[in-house]
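Novice: Have a look at the structure that comes next, please.
Every read-out reported here was derived from the displayed coordinates using simple, explicitly stated rules and does not represent laboratory data. This structure is a prediction, so every number in the text was calculated from the model and none was measured. Because the Cβ atoms are built from the backbone with ideal geometry, glycine has one as well, and the counts that use them run over all protein chains shown.
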Amino acid sequence: MSDNKSELNCLNCGRSEMEIPLIAARFAGEQLWICSACMPVLIHKPEQLIGNLKGADKIPASPHHH
């Protein structure tokens, strides 16, 4: 990675792309990054992202089926 670019971090846990794979997503017109470990939170418990993701309170949780 170039010195000109800033380090990317997970919006939930704050870990960097140097520590864990990050997944890019867009929400409400903004780019966001979430790590592979926190992705289940976004899918199943988005309310836990309130304070870290603007509008998280409006994201419906996906039903959990096995």
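Novice: Between Ile23 and residues 5 or more places away or on another chain, which pairs have amide H atoms under 5 Å apart, with H built 1.01 Å from N, and which residues are they?
Specialist: Under 5 Å from the amide H of Ile23 lie the amide H atoms of Ile34, Cys35, Ser36, each far enough along the sequence or on another chain.
Novice: Work out, step by step, the length gained on full extension between Ala28 and Ile50: first 0.36 nm times the residue separation, then minus their alpha carbon distance; give nm to one decimal. Before the final figure, lay out the partial values.
Specialist: Working: separation 22, 0.36 × 22 = 7.92 nm, distance 1.44 nm.
That pair, Ala28 and Ile50, stretches by 6.5 nm at full extension.
Novice: While we're looking at this one, here's another question. Residue by residue through the stretch 33-43, which ³J(HN,Hα) values in whole Hz follow from phi under the Karplus form 6.51 cos²θ - 1.76 cosθ + 1.60 (θ = phi - 60°), with glycine and proline marked x?
Specialist: 10, 9, 7, 4, 6, 8, 4, x, 5, 4, 6
Novice: Go through (1) 4.0; (2) 4.8; (3) 5.2 and flag the label whose value is the computed mean projected area of the Cα convex hull in nm² for this structure.
Specialist: It is the value labelled (3).
Novice: Moving on to the next point. What residues from the stretch 9-44 fall in the zone where the backbone N is under 17 Å from a label point 7 Å along the Cα-to-C-beta line of Ala61?
Specialist: Residues passing the 17 Å test: 38-44.
Novice: Here's another thing I want to ask about it. At a 10 angstrom cut-off on C-beta neighbours, averaged per residue, how do the peptides 45-51, 32-38 rank from highest to lowest?
Specialist: Sorting 45-51, 32-38 by mean packing, highest first, produces 32-38, 45-51.
Novice: If you rank Arg26, Arg15 by fewest surrounding Cβ atoms within 10 Å, what's the result?
Specialist: Ranking Arg26, Arg15 by Cβ neighbours within 10 Å, fewest first, gives Arg26, Arg15.
Novice: Given 0.36 nm per residue, what is the gain on full extension from Glu17 to Ser36 after removing their alpha carbon distance, in nm?
Specialist: Here the segment from Glu17 to Ser36 would lengthen by 5.8 nm.
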